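Here's the structure we're looking at; comments come further down.
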């Protein structure tokens, strides 16, 4: 095969110990056999630290082939607290011979290194959720072609709006020369008399590490000669734990059957895969899963979740675990992204099925080992780095010889997805002065100097009719008329949803926009006449639009002072106003109801519904108070029906727990009365236009709805702490009571409302 005549320059994470680094080295080594290729590593210094935190010399880390590929100026690092020395690196690059190549290959978010590069650019990415972060997604548009590892990943990014013609599947692979069946592998500390499950990776929510360990300990008895070998240390841990042992102790997962191996060498890792009985992987999503394909190549029976990119090579092989459902992707302490920032979905494995699969493979090991050895041959033959390099070669050859580079044009890209963003695209490194003005407040909100091929955005994320100036000239006045706009409900709370959903109608009327709304209860609204001009979509479903706004309660550093989204502290205003503030609407209580068609009365007798449970302790009313109230109502001839989801039993209380929504609505609709707390059931009753008796001392009288309500409070005791500016509600503390926690007066705002008082109010209403 003839080499491509053009030179190719790779700008990538070449040196390091992660899966991404291993992939890059293996792939570029194979590709360098077919093309004239040079690479530069951008992540380490001459004295970088490996897994065991011991300095290593780069020269000793790389082999002779690597030295032929890597540029002499490959070693540099960022300044502390700075991602990259952008200008310095860019200058070095511009003055190097590599700048004269015909094609640049890089990881997707490094396009700014080539902002005046007018030849071909190819980006490569591996991503684990169903949607790319906006910053990453936007950066992909700077490439002539984008390479992804799997068809699943391609489908995800195309669905998000990427041009299908410009995204190619270039799979990852396995080095069959080192990953192969070898029953002669030896490890000094290995006990051959016990069955070994192998779990290698890191402690991570996405990896389902905790759940896998729990499933193993739950399924196998301590008397069974079965171990789980763990290599799950986090190199860059953010959770405060220094070791795996500390994490296991914290989660009460200490067990002698858990065999911990800290940072095995590459050779040890291979031997564990070859020698272990079963490889475990049950992640909520994978961008490829190199350890899984390497285990399969070693002929080791492998268990994995039946989802995402790993199905590219694993489908029909090994032992897949059932998926229960798609769930919101979660970032947090083990991720670069916070929980609210990570877009897209994960896949929730059925961990009960995982236990069944583990038991099955353990019981029938000999049969499955034979099957795994057969599958190993296909993996090692089909998924080689040489084959991956050939796919890449064909794509590069076609690109260079049959296409013209997509040279950046001078243009302005505007986006109002959770803030106002300006991106400038151009061939020249010009500098521009950007200003964002809020005309409602007559206020300069944000200003910045930026160059071509960079962007700036506001921190403010609620609706503002932005005026955008570039070099003191007005270039844009935000107008949502006929524009596609998305409003996302960040909260899955029933009360929040019902309080805020009518406001999206008002927003659509005000702006005459093409409005798309995402809630967790779409079926309650989408067929109602009031919402006929609104399109409802599933939560977290990506969609391309001009502007997006999130409805929710968002803290900043544990406080309600998040003025990026809230104009006022949300705990100091009525619940409905949290939405009207974000959407810049006048505060107004509106009720468009729920999509519900009444059925026959569920009981012939007179009955009253109660909602005695809430999501936090400060909202609760004492249990014996409910029982006393039910006794009093029964004497009046009423049946008392509890609709709380977890059930609530009493002498004169009939518990109807976990009812389908239509049945629950029907009970409330036909009830003679509803008595509840400041919780979802009260809001449902309000949405059904039924009168609500609300026992609520923890919040101000106007916090919830004000129509069709009798609010019962005792103002002679401490009350309304929920809405006091100085307090920050702690949802994780059931006993939260900022003024009286730990005393006899804890939750006195609720306790001081007696059953006799509620009974008296109810009786007067019924009469």
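The values are calculated or read from the model by the stated rules, or taken from the named source; none is laboratory data. Because the structure is a prediction, the values reported are computed rather than measured. Cβ placement follows ideal geometry from the backbone for every residue including glycine, while neighbour counts extend to all protein chains displayed.
Observations
- Any hit, segment 232-250, residues being at pLDDT 90 or above and more than 28 Å from the chain's Cα centre (by Cα): no
- So residue 246, is it without any contact (Cβ under 8 Å) to a residue 60 or more places away in the chain and not in a helix (DSSP H, G or I): no
- Any hit, segment 490-512, residues being part of a strand (DSSP E or B) and closer than 30 Å to residue 327 by Cα: no
- You will find that of 709, 695, 728, 753, the residue that is surrounded by fewer than 16 Cβ atoms within 10 Å (Cβ to Cβ), closer than 23 Å to residue 575 by Cβ and in contact with a strand residue (DSSP E or B) (Cβ under 9 Å, 6 or more places away or on another chain) is 728 and no other.
- Residue tally, condition more than 23 Å from residue 568 (Cα to Cα) and free of Cβ contacts under 8 Å to residues at least 40 places away in the same chain, over segment 448-467: 4
- Criterion (over 21 Å from residue 419 (Cβ atoms) and modelled with pLDDT of 95 or more) met by exactly one of 521, 507, 525: 525
- Subset of segment 537-557 (residues that are free of Cβ contacts under 8 Å to residues at least 60 places away in the same chain and buried (at least 19 other Cβ atoms within 10 Å of the Cβ)): none
- Segment 264-289 residues that are over 22 Å from residue 126 (Cβ atoms), paired with ones that are in a strand (DSSP E or B) (beta carbon under 6 Å, 6 or more apart): 264/231; 272/198; 276/196; 276/198; 277/195; 277/196; 278/197
- Considering residues of segment 713-733 that are modelled with pLDDT of 85 or more and part of a loop (DSSP other than H, G, I, E, B) only, the residue nearest to the chain's Cα centre (by Cα): 720
- Index of the failed condition, residue 177 passing every other in (1) outside the structural domain of residue 300 (by TED's automatic domain parsing); (2) under 22 Å from residue 291 (Cβ atoms); (3) buried (at least 21 other Cβ atoms within 10 Å of the Cβ); (4) free of Cβ contacts under 8 Å to residues at least 40 places away in the same chain: (3)
- Options 10, 30: the member that is modelled with pLDDT of 65 or more, touching a helix residue (DSSP H, G or I) at 6+ places or on another chain (Cβ under 8 Å), crowded, with 21+ Cβ neighbours inside 10 Å and in the same structural domain as residue 120 (by TED's automatic domain parsing): 10
- Options 256, 171, 181: the member that is closer than 30 Å to residue 119 by Cα and part of a loop (DSSP other than H, G, I, E, B): 171
- Those residues of segment 734-763 which are touching a residue at least 12 places away in the same chain (Cβ under 8 Å) and assigned to a loop (DSSP other than H, G, I, E, B), in sequence order: 734, 735, 736, 737, 738, 739, 740, 745, 747, 752, 753, 754
- Restricted to segment 418-434, and to residues there that are buried (at least 18 other Cβ atoms within 10 Å of the Cβ) and within 24 Å of residue 484 (Cα to Cα), the residue that is modelled with the lowest pLDDT is 418.
- Tabulated pairs, segment 206-228, first on the phi < 0 side of the Ramachandran plot, second assigned to a helix (DSSP H, G or I) and crowded, with 22+ Cβ neighbours inside 10 Å, C-beta under 6 angstrom, 6+ apart or interchain: 215/354; 219/358; 228/216
- Residue within segment 398-406 that is farther than 30 Å from residue 504 by Cβ and crowded, with 17+ Cβ neighbours inside 10 Å present: yes
- Residue 613 being closer than 30 Å to residue 635 by Cα, surrounded by 16 or more Cβ atoms within 10 Å (Cβ to Cβ) and either modelled with pLDDT under 90 or within 20 Å of the chain's Cα centre (by Cα) (or both): yes
- Some residue of segment 457-468 being closer than 28 Å to residue 539 by Cα and not in a loop (DSSP other than H, G, I, E, B): yes
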